1. Normalising by the residue count of segment B:45-193, find the relative contact order in percent from Cα pairs under 8 Å and 6+ residues apart.
2. For segment B:1-47 and segment B:163-238, what is the separation of their C-alpha centers, rounded to whole Å?
3. Please give the direction-averaged projected area of the C-alpha convex hull for segment A:1-71, in square nanometres with one decimal.
4. For A:89, B:46, what ranking results if the residue with the fewest other Cβ atoms within 10 Å of its Cβ goes first?
5. Any idea what the dipole of the protein assembly as shown comes to, in debye rounded to 20, about its Cα centre with Lys/Arg Cβ at +1 and Asp/Glu Cβ at -1?
6. Quick one: which of A:199/B:118; A:92/A:143; A:3/B:94; A:92/B:118; A:199/B:56; B:56/B:88 span more than 30 angstrom between C-alpha atoms?
7. If you bin the C-alpha pair distances of the protein assembly as shown every 20 Å from 0, what whole percents do you get?
8. So for chain B, averaging the separation of alpha carbon pairs under 8 Å that are six or more residues apart and normalising by length, what relative contact order in percent results?
Amino acid sequence: MRKYAKIVIHFGLLIGLIGVWLNQSQKTSGYLFLELAGGTKNFFLSKNFQSINEIPFSLRLDSIRTNQQKGFEPAPIVWLQISSNNQNSVQKLTYNQPLYHQGWQMLLSNLVEPGFPLDYELSSDGQTFSLLHNQHLVLPNYKKIWSYGYDSEMKRINLLIGDRSEWLGIGDTLRFDKSEIVLQSINFALHQGVILLVKDIRLRFIIFVGFGLMLVGLIPVLFTKKKL
Amino acid sequence: MNQLLLLYVAIVCYAAAGITAAFTQATKYQKLAWLNMTLSFIGIISQFLFTIIRSKANGFLPFASRFEAPVLFAFAIQITGLIFYTIKRYNLVKTVTDGFSVILIGVALFAIGFTPGKNLNPILNSPFFAFHILISFVGYGVIITGLAWSIVALFNNQMSNDTSIPRRIAITSLLLLGTGILIGSLWADNSWGRYWSWDPKESWALFTWAILMLYVHIAQRSNRAWLTVLFFGLSTIAMIFTFIGINLLRLGLHRY
């Protein structure tokens, strides 16, 4: 019995660690913008903004309401229509209550009003990049570039590279480390909408099964006086 | 019924139980053990009633504020101490666990001060909340019981020869803390989309767990009494930092 317990504990630990590794190395996540007047979407922008990934179902923003909790600021509730295999269902999504569907997780990241700067198009050394508002990306020279401010009066954005912070209008150039970054365009939201964080969590269960198994293995050890 | 009155009943019962256990140890008059257990039981019932009344007043389980956490901790220590005393009649161990319960309720009542329940942060309104907190606190209570046992055993050869006890206490704690961490991780995954974020409280909870796991491995080869004190002492320090230090230093998202 003790021998089996020992095997189960260490096997569980191994499974859990493999689960962590798989989830870290195979993770797919990114952003999806849905507008109230928009159609359905079955793809999202990867977290590094370099690729488009597909999801096995379609999402459409049905409606946005607010949830009032006593003593707290109202939180948005988003109703999403999910279409898969010719079946439609409308499901709720709010802060800290993600939506799960077919092994995918959708988190509410941001509520977007008309005129909200959704993303910027930047060019650097002949290459063009997309950068979402209030997000960051890693440039080919491994420098991180952050966007975290928008001045609606001057129509310019604030970019942070290293410890340098610069305001850039459309067509302006930012020079650093022998490189140049030019702000090409800013895309604004036309309608009210939401930005979702989409994650593939199909392998997540392995972690919980592994570590759960490890804990289960500890139970018989409790009832024995002898060492393992 | 008044919430404060119930806590006063509990603290008096735990103090009396501790004194009774010390007296039983000194006089070897074992019949007092029943009085000790009865006093502990009355204290536990008082705290249970406190929990129910405060839950009704708050609208949620009272495990969320600075005042409520030490009260719950005292409750967990008392339950684990009483269960351990029912299995093994070590009066001094019971004295120490009773002492910890008295100190914790004392801290809540006289250092932090009674505060009525506030509005619950909507994120805490989850079925995971009660299980995560309760199981973790009972696990902490078991660590305190282990520390009490190891300190007393340092001066008692007969106790220190019984090597299975500290190991089984450590495994009980590992099981409870591990379950608490796992439930917390499931909760985080369900609410934030991340099962682990290296938040200071998470990291220190894992560190406490790792110390106990290291002890269980070392205890396979050596059963020296000072090693038991060392490891339960270290895990208690790590646990106290998890419990209090994070709040005092205002670190991470788990502070309250």
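Coordinate-derived values only; no laboratory data. Source: prediction; values computed, not measured. Cβ coordinates were reconstructed from backbone atoms using ideal geometry, including for glycine residues, and neighbour counts include every protein chain displayed.
1. So the answer I get is 27 percent.
2. If you average the Cα positions of each part, the centres end up 29 Å apart.
3. For segment A:1-71, the mean projected area of the Cα convex hull comes to 10.1 nm².
4. Ordered from fewest to most neighbouring Cβ atoms within 10 Å, A:89, B:46 come out as A:89, B:46.
5. With only Lys, Arg, Asp and Glu charged at Cβ, the dipole is about 2380 debye.
6. A:199/B:118; A:92/A:143; A:3/B:94; A:199/B:56; B:56/B:88
7. Over the protein assembly as shown, the share of Cα pairs per 20 Å bin runs 20, 43, 28, 9, 0 percent.
8. The value is 17 percent.
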